[in-house]
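A short worksheet on the structure shown next.
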Amino acid sequence: MKKIAVVGLGYVGLPLAAAFGEKREVVGFDINAKRIAELKDGVDLTREVSSEELAASAGLSFTDSLDGIRDCQIYIVTVPTPIDDYKSPDLTPLISASESVGKVLKPGDIVIYESTVFPGATEEVCVPVLEKMSGLKFNQDFYAGYSPERINPGDKEHRVATIMKVTSGSTPEITDEVDALYAGIITAGTHKASSIKVAEAAKVIENTQRDLNIALMNELSMIFARLKIDTHEVLAAAGTKWNFLPFKPGLVGGHCIGVDPYYLTHKAQAIGYHPEVILAGRRVNDNMGPYAAAELVKAMIKTGHVIAKSRILIMGFTFKENCPDVRNTRVIDVVKELREFGCEVDITDCWVDNDEAKHEYGVSLIDNPKAGDYDAVLLAVPHREYASLSSSELRAYLKDNGVLFDLKGVLPLGEADLRL
């Protein structure tokens with residue numbers, strides 16, 4: 001049985017490595033020595049894999065040294081693929097990982113990519129790096145595959161094994177081998193794509209579709225606000241039809257939905273096509289943070305608050321509930337906009353590491369907000385700890401006449417002063 005190396009041990013790589021480790025020998029590789037030391041101690045700060053699950057993965061070991069994966073025959077690359085400040089794909093982590101794998105690549109080895117990319121990236125960007133670093137010939141000495149990740153951070157129901165896996169390979173034989181590899185751990189089944197490009201495209205449109213549906217809800221929310229209609233009431237009514245899709249308005253961040261569409265639009269523009277609908281959806285969703293901040297300020301003005309120096313508490317800073325992931329969180333847009341209005345903003349999040357928030361965004365979180373201290377409370381991310389609070393408990397943080405903004409509409413109708 002071939003030995004596997006999983007390159008990159010974040011939200012995608014670690015659960016995958018742990019799943020394989022229950023069945024066979026696998027080495028988890030990451031350049032972050034601190035992360036490796038924590039995992040060796042059975043601690044996963046992403047909270048995706050418990051210490052019990054790590055202990056049960058008997059075939060799993062960890063290393064931050066390339067020598068530790070030199071004897072592997074299958075390399076699965078699971079590094080992030082972010083965007084830069086100009087909304088263009090940043091392939092630096094992917095290229096760097098390919099360089100590392102290329103240094104240990106041997107004849108007969110297979111390199112499988114799980115990172116989200118634009119169609120063609122595996123064979124046009126990654127493979128040449130592997131060839132250059134190894135001196136080997138693609139589809140002659142070594143082979144490639146692509147099987148897009150479908151991890152949903154914080155979701156304890158939909159795990160690696162219970163989500164159907166799309167697989168592909170650079171030759172028909174490798175396609176079969178890659179599919180069989182994943183079929184060994186995926187109880188939900190696999191779907192063999194006809195080519196690597198098809199698998200890449202399938203991944204990138206999954207989140208583009210969600211992005212556009214949420215953009216529609218966000219635009220409807222802005223329209224209904226002007227009509228003095230509660231958007232969530234409208235959605236509840238429309239949702240009684242069997243084929244109405246249950247999307248809701250909100251901030252769209254994270255490492256997938258708020259990023260992946262730019263990989264597709266980048267490739268589209270590179271081949272001479274300007275995507276209208278996808279970019280329109282992105283513009284709507286990227287503007288929701290400032291819009292939410294402005295709506296809160298208007299509500300505060302209407303209730304007699306002086307905005308300059310007003311104190312606002314934001315509850316939740318991650319990109320979604322019940323996970324510690326702050327990558328591409330759009331809550332920061334709300335924070336920046338409120339501070340532009342002259343507000344004093346405190347942020348609390350029981351899931352976030354304060355040092356990470358400080359490093360990534362330059363903000364400091366508070367642990368224990370004071371009761372009766374705020375002119376407004378914005379429930380931005382309804383972690384279970386916050387969603388379990390009643391409106392009365394949330395209002396306890398407010399001064400008299402304070403405004404409660406339930407951004408995602410988790411409180412019963414009428415219990416918040418404002419929601420999208």
I'd like to check something: does region 7-26 contain any residue that is open to solvent by 30 Å² or more (accessible area, probe 1.4 Å), farther than 21 Å from M164 by Cα, out of contact with any helix residue (DSSP H, G or I) (no Cβ under 6 Å at 6 or more places or on another chain) and assigned to a helix (DSSP H, G or I)?
no
Give me a count of the residues in region 92-122 that are free of Cβ contacts under 8 Å to residues at least 60 places away in the same chain and aromatic (F, W, Y).
1
Would you pick out the residues in region 182-197 that are within 25 Å of the chain's Cα centre (by Cα), in a loop (DSSP other than H, G, I, E, B) and not hydroxyl-bearing (S, T, Y)?
I185, I186, A188, G189, A193
What are the residues in region 335-357 that are at pLDDT 95 or above and among the charged types (D, E, K, R), if any?
K336, E337, R339, E340, E344, D346, D349
Can you give me the number of residues within region 378-398 that are open to solvent by 20 Å² or more (accessible area, probe 1.4 Å), touching a residue at least 40 places away in the same chain (Cβ under 8 Å) and not hydroxyl-bearing (S, T, Y)?
2
Sole residue being within 26 Å of C350 (Cβ to Cβ) and charged (D, E, K, R), chosen from K320, K302
K320
Any chance region 221-228 includes a residue that's of a type in the set (D, E, K, R), open to solvent by 40 Å² or more (accessible area, probe 1.4 Å), more than 19 Å from the chain's Cα centre (by Cα) and closer than 16 Å to G409 by Cβ?
no
So, D375, is that one surrounded by fewer than 21 Cβ atoms within 10 Å (Cβ to Cβ) and at negative phi or not?
no
So how many residues does region 68-98 have that are under 17 Å from L9 (Cα atoms) and out of contact with any Gly (no Cβ under 6 Å at 6 or more places or on another chain)?
17
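Results for (1) at pLDDT below 95; (2) outside any loop (DSSP other than H, G, I, E, B); (3) not polar (S, T, N, Q), shown as yes or no for each residue.
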{"site": "F224", "(1), (2), (3)": "no, yes, yes"}
{"site": "H232", "(1), (2), (3)": "yes, yes, yes"}
{"site": "T240", "(1), (2), (3)": "no, no, no"}
{"site": "A268", "(1), (2), (3)": "no, yes, yes"}
{"site": "V277", "(1), (2), (3)": "no, yes, yes"}
{"site": "A280", "(1), (2), (3)": "no, yes, yes"}
{"site": "N285", "(1), (2), (3)": "no, yes, no"}
{"site": "E295", "(1), (2), (3)": "no, yes, yes"}
{"site": "A299", "(1), (2), (3)": "no, yes, yes"}
May I ask you to verify whether G414 is within 24 Å of I257 (Cα to Cα), without any contact (Cβ under 8 Å) to a residue 12 or more places away in the chain and small (G, A, S)?
no
Are any of the residues in region 34-54 of a type in the set (A, V, I, L, M) and open to solvent by 60 Å² or more (accessible area, probe 1.4 Å)?
yes
Given the conditions (1) open to solvent by 40 Å² or more (accessible area, probe 1.4 Å); (2) part of a helix (DSSP H, G or I); (3) over 24 Å from P275 (Cα atoms), every one holds for D179 apart from (1)
In region 299-310, is there at least one residue being open to solvent by 20 Å² or more (accessible area, probe 1.4 Å), within 21 Å of V381 (Cβ to Cβ) and touching a residue at least 40 places away in the same chain (Cβ under 8 Å)?
yes
From the option list K192, K106, K137, K165, single residue qualifying as open to solvent by less than 30 Å² (accessible area, probe 1.4 Å), at pLDDT 95 or above and basic (K, R) is K165
Unmet requirement for Q209, which otherwise passes all of (1) open to solvent by 50 Å² or more (accessible area, probe 1.4 Å); (2) farther than 29 Å from T46 by Cβ; (3) among the polar types (S, T, N, Q)
(2)
Can you name the residue in region 276-298 that is over 21 Å from the mean Cα position of the chain (by Cα) and acidic (D, E) and, of all such residues, is surrounded by the fewest Cβ atoms within 10 Å (Cβ to Cβ)?
E276
Looking at (1) out of contact with any helix residue (DSSP H, G or I) (no Cβ under 8 Å at 6 or more places or on another chain); (2) modelled with pLDDT under 95; (3) not hydroxyl-bearing (S, T, Y), can you tell me which one V410 breaks?
(1)
Can you say whether G258 is surrounded by 17 or more Cβ atoms within 10 Å (Cβ to Cβ) and either more than 26 Å from I332 (Cα to Cα) or touching a residue at least 40 places away in the same chain (Cβ under 8 Å) (or both), as far as the supplied structure shows?
yes
Here is a list of conditions, (1) modelled with pLDDT of 95 or more; (2) open to solvent by 50 Å² or more (accessible area, probe 1.4 Å); (3) not in a strand (DSSP E or B), and E157 meets all of them except one; can you say which number that is?
(1)
Positions within region 64-91 being within 18 Å of the chain's Cα centre (by Cα) and either surrounded by fewer than 14 Cβ atoms within 10 Å (Cβ to Cβ) or free of Cβ contacts under 8 Å to residues at least 60 places away in the same chain (or both), in sequence order
D84, D85, S88, D90, L91
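The values are calculated or read from the model by the stated rules, or taken from the named source; none is laboratory data. Because the structure is a prediction, the values reported are computed rather than measured. Positions of Cβ are generated from backbone atoms using ideal geometry, with glycine treated the same way; all protein chains shown enter the neighbour counts. Accessible surface areas use protein heavy atoms only, side chains included; no ligands, DNA or RNA. Shrake-Rupley method; radii C 1.70, N 1.55, O 1.52, S 1.80 Å.
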